[in-house]
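Participant: To start, I am sharing the structure in question, which I have written as structure tokens.
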């Protein structure tokens, strides 16, 4: 277990103990109990335990709606967290619908230019991206980025996150050079503002590696993914979904460089872990399974026709 992962695990254990005491002393519906319950769900999410986070957030949402009302900021916060859990679990349509609800309510309660409203707008853009609606995602990210730059400044972590999301929109629209240039800029700023080992920085680094791959710069992609993988192992742990995603990307780089057996060995490991952590039907698991099948088919052809 990494230091950071150990810290999340420690927080999880502490929050579980506090929650049990609060349930007995304050009752299950007390705001403090619900706050701890929400924090525990966040710890589950940080550890990559997205199903446990989702199940707890559903309970918190129901209770906060009853106690505080459906438009209370805490209720909306939980609704947004639940949308994030849906997204992590590959339930992108559900995430989109929830993000749409949160956005409308936050516009009403907080106003269109509030930082939390803009954050939700960015989350909705990510849902569109996950569902393949890349142009819509791009247009929404452009709006969010402009507002966040004005409101928060161009070096604020939320602004940089949106910049990275916009770069992903460029990638999915085939604008790979523009995506790469924007990711390089975001990565430089995140290293300065957040540090080299921050999860957002590592996310951008991994995303930049994908851009290198899209541009045919496979060696650069591989070298960057090796760095990201080592850092994610240290920060998140070996079995975290983000770590496994990076391992899968590294396997793809091995394939691109003609190192097919090395790619196969790594994908076998990734697939086994993803099935355990995410389940057989999660999009990440299915993607690895499909890629592994394609890679095995290629190896069989090469073995059968070595001179081809």
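The values are calculated or read from the model by the stated rules, or taken from the named source; none is laboratory data. Keep in mind the model is a prediction, meaning the values are calculated, not measured. Every residue, glycine as well, gets a Cβ built from its backbone with ideal geometry; the counts of neighbours run over all protein chains shown.
Participant: Quick check on segment 175-196. Is at least one of its residues buried (at least 18 other Cβ atoms within 10 Å of the Cβ), under 25 Å from residue 271 (Cα atoms) and touching a helix residue (DSSP H, G or I) at 6+ places or on another chain (Cβ under 7 Å)?
Facilitator: The answer is no; no qualifying residue exists.
Participant: On to the next question. Would you please name the residue that is surrounded by the fewest Cβ atoms within 10 Å (Cβ to Cβ), looking only at residues in segment 30-60 that are free of Cβ contacts under 8 Å to residues at least 24 places away in the same chain and closer than 13 Å to residue 85 by Cβ?
Facilitator: In this case the residue turns out to be 55.
Participant: Every residue in segment 274-283 that is surrounded by fewer than 19 Cβ atoms within 10 Å (Cβ to Cβ) and either modelled with pLDDT under 90 or in contact with a helix residue (DSSP H, G or I) (Cβ under 9 Å, 6 or more places away or on another chain) (or both), please.
Facilitator: If the condition is that a residue be surrounded by fewer than 19 Cβ atoms within 10 Å (Cβ to Cβ) and either modelled with pLDDT under 90 or in contact with a helix residue (DSSP H, G or I) (Cβ under 9 Å, 6 or more places away or on another chain) (or both), then 275, 279, 280, 281, 283 are the ones that fit.
Participant: Looking at segment 208-237, which of its residues are surrounded by fewer than 23 Cβ atoms within 10 Å (Cβ to Cβ) and either touching a residue at least 40 places away in the same chain (Cβ under 8 Å) or in contact with a strand residue (DSSP E or B) (Cβ under 8 Å, 6 or more places away or on another chain) (or both)?
Facilitator: Hits for segment 208-237 are 213, 214, 233, 234, 235, 237.
Participant: While we're looking at this one, here's another question. Could you please find all residues in segment 141-156 being touching a residue at least 12 places away in the same chain (Cβ under 8 Å), within 13 Å of residue 115 (Cβ to Cβ) and loosely packed, with under 15 Cβ neighbours inside 10 Å?
Facilitator: 151
Participant: Restricted to segment 81-115, and to residues that are free of Cβ contacts under 8 Å to residues at least 12 places away in the same chain and part of a helix (DSSP H, G or I), which residue is surrounded by the fewest Cβ atoms within 10 Å (Cβ to Cβ)?
Facilitator: Looking at residues that are free of Cβ contacts under 8 Å to residues at least 12 places away in the same chain and part of a helix (DSSP H, G or I), I get 104.
Participant: A follow-up question, please. Could you tell me which residue of segment 10-27 is nearest to residue 53 (Cα to Cα), considering only residues that are under 24 Å from the mean Cα position of the chain (by Cα) and exposed (fewer than 15 other Cβ atoms within 10 Å of the Cβ)?
Facilitator: The selected residue is 13.
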